[in-house]
Amino acid sequence: MTSIKDQVVLITGASSGIGAVTAKRLAKGGAKIMLGARREDRLKELVAEIEKQGGEAAYKVTDVTDHDQCLALAQACIEKFGRVDTLFNNAGLMPLSPMASRKVDEWDRMVDVNIKGLLYAIDSVLVHMLERGTGHIINVSSVAGHVAMPAGAVYCGTKFAVRAITESLRQEVKGKVRCTIISPGATATELTDTITHDKVKERIGEVFKMAMDPDAIARAVEYAMEQPAEVAVNEIIVRPTAQ
């Protein structure tokens, strides 16, 4: 197994939920963490918490829908820690709604964050990794990227896209950069807070009563990272047992 100690990990969507919990777990294992998200107060608190526990972390306020900001985040990571070993592409939104509700602004936002933001973050590190001949890109999809559901046409579409993008990239960079898709089931995060359709929010709220702790996903990330260089974990689905 490969130790995560001293690995440099860049995390998007790092200010809460899966991103924050993963940052703390990896930092505890000795990884050096660069945090990217929009909420600076949360980022400052997370860096302070990691440092208090003896870990090493830094942050840069980043909106993943802005390509230049993603490039700046990766550059900040390289300037601070010397390189990027792993990208944990975690930023995402889930404002579910029926198509007929015509929440076009929410569709646009999901495409911008869940697809374009993912692509921008990949672009910010990929050439660097290829030049070094090593690296690991871990992208967050969802069980909704495997099975479509009512009110999830756009969200499911973005998460199916994450899987397609990651698999295509894997075939392009195999032998140099490892690529992993992690697909969470119901997880106790802020993800459902973005749902504005009342009936859908109520229905999903019932599903999320069984939600698992975000550390379940953090452990999956750690597992993928720990594999020896010649082993690539390409896809992991993690659900609550009851889901």
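The values are calculated or read from the model by the stated rules, or taken from the named source; none is laboratory data. Please read all numbers here as calculations on a predicted model, not as lab measurements. Heads up, the Cβs are rebuilt from the backbone with ideal geometry, glycines too, and the neighbour counts pull from every protein chain shown.
Only residues that are within 15 Å of residue 192 (Cβ to Cβ), part of a helix (DSSP H, G or I) and aliphatic (A, V, I, L, M): list them for region 82-111, please.
The one that is within 15 Å of residue 192 (Cβ to Cβ), part of a helix (DSSP H, G or I) and aliphatic (A, V, I, L, M): 110.
Checking the condition at pLDDT 95 or above, buried (at least 22 other Cβ atoms within 10 Å of the Cβ) and among the aliphatic types (A, V, I, L, M), which residue from 236, 165, 182 passes? Talk me through it step by step, then tell me what you get.
Numbers: 236 fails: buried (at least 22 other Cβ atoms within 10 Å of the Cβ); 165 fails: buried (at least 22 other Cβ atoms within 10 Å of the Cβ).
The match here is 182.
Hey, could you check region 204-243 for residues that are farther than 19 Å from residue 180 by Cβ and in a helix (DSSP H, G or I) and say which is farthest from the chain's Cα centre (by Cα)?
Of everything passing the filter in region 204-243, 206 is farthest from the chain's Cα centre (by Cα).
Which numbered condition in (1) surrounded by fewer than 22 Cβ atoms within 10 Å (Cβ to Cβ); (2) out of contact with any strand residue (DSSP E or B) (no Cβ under 7 Å at 6 or more places or on another chain); (3) in contact (Cβ under 8 Å) with a residue 24 or more places away in the chain is the only one that residue 8 fails?
(2)
Count, please, the residues in region 62-81 that happen to be in a loop (DSSP other than H, G, I, E, B) and either under 30 Å from residue 203 (Cα atoms) or touching a strand residue (DSSP E or B) at 6+ places or on another chain (Cβ under 7 Å) (or both).
Taking region 62-81 and keeping what is in a loop (DSSP other than H, G, I, E, B), we get 62-66.
Okay, now just the ones that are also either under 30 Å from residue 203 (Cα atoms) or touching a strand residue (DSSP E or B) at 6+ places or on another chain (Cβ under 7 Å) (or both), so 62-65.
Qualifying residue count, region 62-81: 4.
Would it be correct to say that residue 127 is in contact (Cβ under 8 Å) with a residue 40 or more places away in the chain, of a type in the set (Val, Ile, Thr) and part of a helix (DSSP H, G or I)?
So residue 127 does not fit the description; no.
If you go through region 130-161, how many residues are under 21 Å from residue 208 (Cβ atoms), of a type in the set (A, V, I, L, M) and surrounded by fewer than 21 Cβ atoms within 10 Å (Cβ to Cβ)?
7
Which of the numbered conditions does residue 99 fail, given that it passes all the others? Conditions: (1) touching a helix residue (DSSP H, G or I) at 6+ places or on another chain (Cβ under 8 Å); (2) at pLDDT 95 or above; (3) buried (at least 17 other Cβ atoms within 10 Å of the Cβ).
Going through the list (1) touching a helix residue (DSSP H, G or I) at 6+ places or on another chain (Cβ under 8 Å); (2) at pLDDT 95 or above; (3) buried (at least 17 other Cβ atoms within 10 Å of the Cβ), residue 99 breaks only (3).
Are there any pairs, at least 6 apart or on different chains, whose C-beta atoms fall under 6 Å, with the first in region 222-243 and more than 18 Å from residue 11 (Cα to Cα) and the second part of a strand (DSSP E or B) and among the hydroxyl-bearing types (Ser, Thr, Tyr), and if so, which?
Final answer for the pair search is 233/180; 237/183.
Test each condition in (1) more than 17 Å from the chain's Cα centre (by Cα); (2) under 29 Å from residue 226 (Cβ atoms) for residue 196 and report the one that comes out false.
The single condition residue 196 does not satisfy is (2).
Quick check on region 105-114. Is at least one of its residues of a type in the set (A, V, I, L, M, F, W, C), closer than 30 Å to residue 230 by Cβ and touching a residue at least 24 places away in the same chain (Cβ under 8 Å)?
No, every residue in region 105-114 fails to be of a type in the set (A, V, I, L, M, F, W, C), closer than 30 Å to residue 230 by Cβ and touching a residue at least 24 places away in the same chain (Cβ under 8 Å).
Restricting to region 55-92, name every residue that is touching a helix residue (DSSP H, G or I) at 6+ places or on another chain (Cβ under 8 Å) and of a type in the set (Gly, Ala, Ser).
55, 57, 58, 74, 91, 92
Would you pick out the residues in region 44-53 that are touching a residue at least 12 places away in the same chain (Cβ under 8 Å) and either small (Gly, Ala, Ser) or not in a loop (DSSP other than H, G, I, E, B) (or both)?
Selection gives 44, 46, 47, 49, 50.
How many residues are modelled with pLDDT under 95 and of a type in the set (Lys, Arg) if we restrict to region 11-34?
0
Scanning for something closer than 30 Å to residue 103 by Cα, out of contact with any Pro (no Cβ under 9 Å at 6 or more places or on another chain), in a strand (DSSP E or B) and of a type in the set (S, T, N, Q), does region 134-152 turn up at least one residue?
Taking region 134-152 and keeping what is closer than 30 Å to residue 103 by Cα, we get 138-152.
Imposing the further condition that a residue be out of contact with any Pro (no Cβ under 9 Å at 6 or more places or on another chain) reduces the set to 138-139, 144-149, 152.
Applying the additional criterion that residues be in a strand (DSSP E or B) yields 138-139.
After this cut, where a residue has to be of a type in the set (S, T, N, Q) as well, the list is 139.
Checked against the condition, which is being closer than 30 Å to residue 103 by Cα, out of contact with any Pro (no Cβ under 9 Å at 6 or more places or on another chain), in a strand (DSSP E or B) and of a type in the set (S, T, N, Q), region 134-152 yields at least one hit.
Scan region 64-85 residue by residue and report those that are surrounded by fewer than 24 Cβ atoms within 10 Å (Cβ to Cβ) and β-branched (Val, Ile, Thr).
So the first thing to find is which residues in region 64-85 are surrounded by fewer than 24 Cβ atoms within 10 Å (Cβ to Cβ), and the list is 65-69, 71-72, 75-76, 78-83, 85.
Of everything in region 64-85, those that are surrounded by fewer than 24 Cβ atoms within 10 Å (Cβ to Cβ) and β-branched (Val, Ile, Thr) turn out to be 65, 78.
If you check every pair at least six apart or on different chains, which have Cβ atoms under 8 Å apart with a residue in region 18-43 that is within 14 Å of residue 62 (Cβ to Cβ) first and a residue that is of a type in the set (Phe, Trp, Tyr) and at pLDDT 95 or above second?
Matching pairs, first to second residue: 19/88; 34/59; 34/81; 35/59; 36/59; 37/59; 40/59; 43/59.
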